[in-house]
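Worksheet: the structure to be examined is printed underneath.
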Amino acid sequence: MHTMHVFRRLFLSPREVSLGKEHIRRLHLSFDKELPLAQSYKAAVCEELGKPLVVKDVASQEELKRGEVCVEVHNAGVNFADILMCSGQYQVRPDLPFIPGVEISGLVMKVGEGVHSFRPGDRVMGLTGVLGGKGGFGQMCVTHKKLLWHIPEVLHYRPASGLLASYGTAMMALQRRARVVAGETVLVLAAAGATGLAAVDIAANVFKTNVIAACGSSEKCALAKAKGAHHLINYSEESLKERVLDITSGRGANVIFDPVGGEFFKDALKSIAVEGRLVVIGFASGDIPKIPANVLLLKSCSVMGLYWGSFIQHNPGAFTDSVDKVVESVDRGKIRPHVSKMFPLNKVNEAFDYIKSRKSTGKVILDVTRSSLPADKII
């Protein structure tokens, strides 16, 4: 742990922060001057695609470019996209070697020219420049000011690090792509996963829709129910199509949120309502399905995709709006991310294996501030 970090831990959270069963009152503190940076820092590095990440010392970036912010990373969200990127299966490939990690939370250490909305000492959450090789799986991260937000006062670093990617995707999918309306029925596939659970949370508690959560076990169904799902389908035991039609009295789902693909996509499309909208978020099943165009004709329905990260480039206004809406909803107490398990940085490969085993629910987080955690603290 950096020397200055020991001091800064006393001044991080503006409200009461829960650490296990203890509650500690902390003050928020911004500094007029930049905080000292170490010449190197620990990071998990992808040196070869498909191989375990290597935790090693890497050199710090000496000078910040205009608009850049250096963040001391406290926590980093682990996304399925990180796993795909490190295996060479993602839509885009950073040059090797690179530091993965799409999203972070932490403390501003230093700001570049032209940065006025952040100061050293600010608590922030954001996305990283992983495609440029410097992601968030390290003790420090340099990213652009447009990819950072102040952490809402109601959140600690841990849930904040798992908020943006999953909830931003779900928000844009439901609001901009599906144009969901209160009272409609929304079917969410893989509803206990990070993005699926975010969709349940937003659909139920922000847009006030009737949510059907489809999961692979009774335990996962219970988690989706706790987030606000009105109806549950355990598709390891029940027919997805038959249950959706039964729940909706034969009408089908108005909106379908699909991060899975494969046979689940096909079954879900068979249960879509007339003029329904199905939004493809990803292909966690590993199977990219073919779309039966006759169903689109017969149901007058639409199938559309969403690659949320691409909006950073081709429509930054829409991208920012999706995150702003998420932050606003958190501030108002409508939604809150669920963290299922946390791993120390040096156990990053175990975190990948845990997600690939499909045991995870909600978000898996890396604790970057500590190199190791006692077994009873890995939650």
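The values are calculated or read from the model by the stated rules, or taken from the named source; none is laboratory data. In this text the structure is predicted, and so the values were computed from the model without any measurement. Cβ placement follows ideal geometry from the backbone for every residue including glycine, while neighbour counts extend to all protein chains displayed.
Worth a mention:
- Residue within region 184-194 that is charged (D, E, K, R), out of contact with any strand residue (DSSP E or B) (no Cβ under 7 Å at 6 or more places or on another chain) and farther than 16 Å from residue 329 by Cα present: no
- Subset tally (residues that are in a loop (DSSP other than H, G, I, E, B) and at pLDDT 95 or above) for region 346-379: 0
- Answer residue from region 230-247, given it is among the hydrophobic types (A, V, I, L, M, F, W, C) and in contact (Cβ under 8 Å) with a residue 24 or more places away in the chain and is surrounded by the fewest Cβ atoms within 10 Å (Cβ to Cβ) among those: 245
- Meets criteria (on the phi < 0 side of the Ramachandran plot, in contact with a helix residue (DSSP H, G or I) (Cβ under 9 Å, 6 or more places away or on another chain) and not in a strand (DSSP E or B)) for residue 125: no
- When 224, 213, 204 are checked against the criterion of being out of contact with any helix residue (DSSP H, G or I) (no Cβ under 9 Å at 6 or more places or on another chain), closer than 16 Å to residue 253 by Cβ and either touching a residue at least 12 places away in the same chain (Cβ under 8 Å) or aromatic (Phe, Trp, Tyr) (or both), a single residue qualifies: 204.
- Residue check: residue 125 meets all listed conditions (1) surrounded by 24 or more Cβ atoms within 10 Å (Cβ to Cβ); (2) under 23 Å from residue 256 (Cβ atoms) but one, namely (2).
- If only residues of region 275-286 that are within 24 Å of residue 254 (Cα to Cα) and in a loop (DSSP other than H, G, I, E, B) are counted, the one that is modelled with the highest pLDDT is 281.
- The residues of region 296-345 that are outside any helix (DSSP H, G or I), out of contact with any helix residue (DSSP H, G or I) (no Cβ under 9 Å at 6 or more places or on another chain) and charged (D, E, K, R) amount to a single one, 332.
- Restricting 242, 237, 219 to residues that are outside any helix (DSSP H, G or I), of a type outside the set (A, V, I, L, M) and more than 20 Å from residue 170 (Cα to Cα) narrows the list to 237.
- Residues of region 307-341 that turn out to be touching a residue at least 40 places away in the same chain (Cβ under 8 Å), among the hydroxyl-bearing types (Ser, Thr, Tyr) and farther than 15 Å from residue 201 by Cβ, as a count: 2
- Annotation note: of 58, 73, the sole residue that is part of a strand (DSSP E or B) and under 19 Å from residue 145 (Cβ atoms) is 73.
Conditions (1) touching a residue at least 40 places away in the same chain (Cβ under 8 Å); (2) not assigned by TED's automatic domain parsing to the domain that holds residue 280, marked per residue:
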{"position": "134", "(1), (2)": "yes, yes"}
{"position": "142", "(1), (2)": "yes, yes"}
{"position": "146", "(1), (2)": "yes, yes"}
{"position": "152", "(1), (2)": "yes, yes"}
{"position": "178", "(1), (2)": "yes, no"}
{"position": "228", "(1), (2)": "no, no"}
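- Selection status of residue 280, in the same structural domain as residue 255 (by TED's automatic domain parsing), touching a strand residue (DSSP E or B) at 6+ places or on another chain (Cβ under 9 Å), buried (at least 20 other Cβ atoms within 10 Å of the Cβ) and touching a residue at least 24 places away in the same chain (Cβ under 8 Å): yes
- With respect to (1) farther than 22 Å from residue 306 by Cβ; (2) hydrophobic (A, V, I, L, M, F, W, C); (3) buried (at least 22 other Cβ atoms within 10 Å of the Cβ); (4) at pLDDT 95 or above, the lone exception for residue 118 is condition (3).
- From the list 179, 119, 158, the one residue that fits, being out of contact with any helix residue (DSSP H, G or I) (no Cβ under 7 Å at 6 or more places or on another chain) and in a helix (DSSP H, G or I), is 158.
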